[in-house]
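Notes to accompany the following structure.
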Amino acid sequence: MDDHEMIIEPTPVHSRSPWRRALRVAGLAAPAVLLVAAVGAGLAGPKPTPPADAPSLALASPSDTTGTSAASALPFVAPTLGPISAQVAFPTQFHSIPVLRPSEVVTSRVAGATSDVVVVAGYLGIDWIDLTCKDVTLGATGPWCERRGIILDAPIVSPGNSGPGGRPPHLHLTFPIGVRVPDAVAATAGATPGTTVPAVVIGRFAAGSSCADNLQACDQGFVVDRVAWAAGVDYPLTPLVDPRLSASRRANPFPAADRLGAIPLEGVLAWPDTIASLDPEAGAAAAKVPRSEPIWFLRVIIGIGTGVGTSTGAAAGVWPMELIPRTAWVLLDEPRMQVIASGPAGTGSGAGTAEVRAPGG
């Protein structure tokens, strides 16, 4: 079967060795995680059914193998269990990027030293959904709706009394359109305020953003590109396909990122006019390419370590050579998987920042 006839399936982000499975079992057995699982199971309930005339804007859940895609292994480094981490053993590293707690990220922002790619571990919950998406398949917590949330250093002891004064150190964050979340995280949107799930998210602050003039805002503005771990379980990297397109047999988009020396965070197959809802600059680039075919949008990390950096992508003229982790995007034509445009993520309106080329050029 060639690349264009691949049935794409979800793949976990790291290996299934007995040692890692043991760690995963230990995490799941922890009382705090069992409580989260029980709450999530009780609250998830059936998916909402849209009215007959409502647009269908979602596919199967990420656990379904139909229309999903395999990804290369994206290893976490798990911690050694000890007294402090006995309840929830968060991963400590994603590739060469350290996993930070929200308080560490805020401290870094105050010092003006936040990295372009930030991996955060904490207790995650959704506290705002777009009610205009309430009739969309999978509901307002689905990947075709914007959602907002919070990730905290520690769980809130009394979820019913979770006002700003009673919160541990935290970050306010946004899940943009195109980013999937696990069912356990989605369930927090309908739970008692302050309900959270232990999770690891990968994301960024807008390029050039600073809280130097307003230190109270240093916990604001984090954009999530991927939820990679939740409630002790790896969350698979699964692409999203525009419901106006058939999702049964599609080429796998993630090996294209691998070939460019990048680590994929998100993949969406959509018509060109939908790309702007995922990323304004990528949408502007898509509008310059006259085509009636769908386009793959990938958000990726570039510049990570030996062998997983951007030397290949730089040689291909896709991105400049980078020595530190950065977030970028690339548009691929479908089904040939050739680069048609690329650019850095989150640089503002910057209409001239994207490089657009003919397929194969």
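Laboratory data are not the source of any read-out in this text; all were calculated from the coordinates shown. Predicted, not measured: the structure shown is a model, and the values here were computed from it. Because the Cβ atoms are built from the backbone with ideal geometry, glycine has one as well, and the counts that use them run over all protein chains shown.
In table form, for the structure just shown:
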| item | result |
| --- | --- |
| Residues whose placed amide H lies under 5 Å from that of Leu265, excluding near-sequence neighbours | Arg299, Val300, Ile301 |
| Sequence-distant residues sharing a close amide H with Arg250 (under 5 Å, placed H) | Ile8 |
| Rounded to whole Hz, the Karplus (6.51, -1.76, 1.60) HN-Hα couplings of region 204-220, x for glycine and proline | 7, 9, 3, 4, x, 6, 8, 10, 4, 8, 8, 4, 5, 9, 5, 9, 10 |
| Vicinal HN-Hα couplings computed from phi for region 235-240 (Karplus, 6.51 cos²θ - 1.76 cosθ + 1.60; Hz; Gly/Pro x) | 9, x, 7, 10, x, 10 |
| Ordering of 234-240, 142-148, 110-116 by burial proxy (mean other Cβ atoms within 10 Å per residue, highest first) | 234-240, 142-148, 110-116 |
| Amide proton proximity set for Ala341, modelled H, under 5 Å, gap of 5+ | Leu331, Arg357 |
